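Encoded as structure tokens, the structure appears first; notes follow it.
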Amino acid sequence: MKDKVLILHGWGGSDYPHWQSWLAGEIAKDYGQIVFPLLDNSHFPSKNRWVKQVKEILTDFKPDTVICHSMANTLWLHLCEEGEISAVKRLLMVSPPRLDLKLDTIKTFFPAPIPKKLFAKEVLMVTSTNDPYLTQDEALALQQALEVPMKRIENGGHINAESGYGEWPWVLEWVKNT
């Protein structure tokens with residue numbers, strides 16, 4: 001695998017057995033270049049701190065592929081809205097939450113913007129038909145607003161360990177098909 005991969009977790013992190021931690025291990029097993037940081041204060045995050053931290057990672061690591069789960073998608077939208085990042089080859093947006101989510105602990109991230117560009121040559125959004133943080137209608141509206149293709153998983157919940165997504169061979173194949 002030649003691409004440099006950055007995996008960004010959402011609120012609370014993506015500890016094992018989450019598919020993101022599994023994916024990071026699988027990429028590392030193939031001697032792939034992977035960065036899977038624990039973002040600052042993941043259970044009580046600050047948008048400004050996360051933006052600063054990820055900008056530094058993007059500048060230093062220069063990933064080809066970025067994989068976001070949950071609130072990391074919201075973070076990516078904020079980064080794109082600022083427009084101070086370099087474009088990546090591929091962006092995978094898994095389980096983005098609704099743009100106007102109202103939860104006190106993560107309120108600095110919302111409302112989320114719809115940026116003019118996503119700073120990626122290829123984008124795929126992956127949603128679930130029963131995600132508690134994004135209805136099917138909201139997913140369709142977000143897909144149309146961002147003008148990106150979408151893969152919809154039937155009854156995948158929030159596409160995390162709690163909904164059965166530990167090992168996720170599909171995402172590994174997506175990463176390898178560069």
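The values are calculated or read from the model by the stated rules, or taken from the named source; none is laboratory data. As the structure is a prediction and not an experimental result, all values here were calculated from the model. A quick note on method: Cβ atoms are made from the backbone with ideal geometry, for glycine too, and the neighbour counts reach across all protein chains shown.
Of all residues in the range 6-16, those being crowded, with 24+ Cβ neighbours inside 10 Å and either more than 10 Å from the chain's Cα centre (by Cα) or modelled with pLDDT under 95 (or both) number 1.
Being in contact with a strand residue (DSSP E or B) (Cβ under 6 Å, 6 or more places away or on another chain), within 15 Å of HIS69 (Cα to Cα) and charged (D, E, K, R) is not true of ARG98. In the range 78-102, which residues are surrounded by fewer than 24 Cβ atoms within 10 Å (Cβ to Cβ), closer than 15 Å to ALA145 by Cα, of a type outside the set (Lys, Arg) and touching a residue at least 40 places away in the same chain (Cβ under 8 Å)? The one that is surrounded by fewer than 24 Cβ atoms within 10 Å (Cβ to Cβ), closer than 15 Å to ALA145 by Cα, of a type outside the set (Lys, Arg) and touching a residue at least 40 places away in the same chain (Cβ under 8 Å): LEU99.
If we scan the range 31-45, do we find a residue that is of a type outside the set (Phe, Trp, Tyr) and under 12 Å from the mean Cα position of the chain (by Cα)? Spell out the reasoning first.
Initial filter on the range 31-45 (of a type outside the set (Phe, Trp, Tyr)): 32-35, 37-43, 45.
Filter once more, so that each one left must be under 12 Å from the mean Cα position of the chain (by Cα): none.
Within the range 31-45, none of the residues are of a type outside the set (Phe, Trp, Tyr) and under 12 Å from the mean Cα position of the chain (by Cα).
The residues of the range 103-147 that are surrounded by fewer than 20 Cβ atoms within 10 Å (Cβ to Cβ), under 26 Å from TRP168 (Cβ atoms) and aromatic (Phe, Trp, Tyr), listed by number, are PHE119, TYR133.
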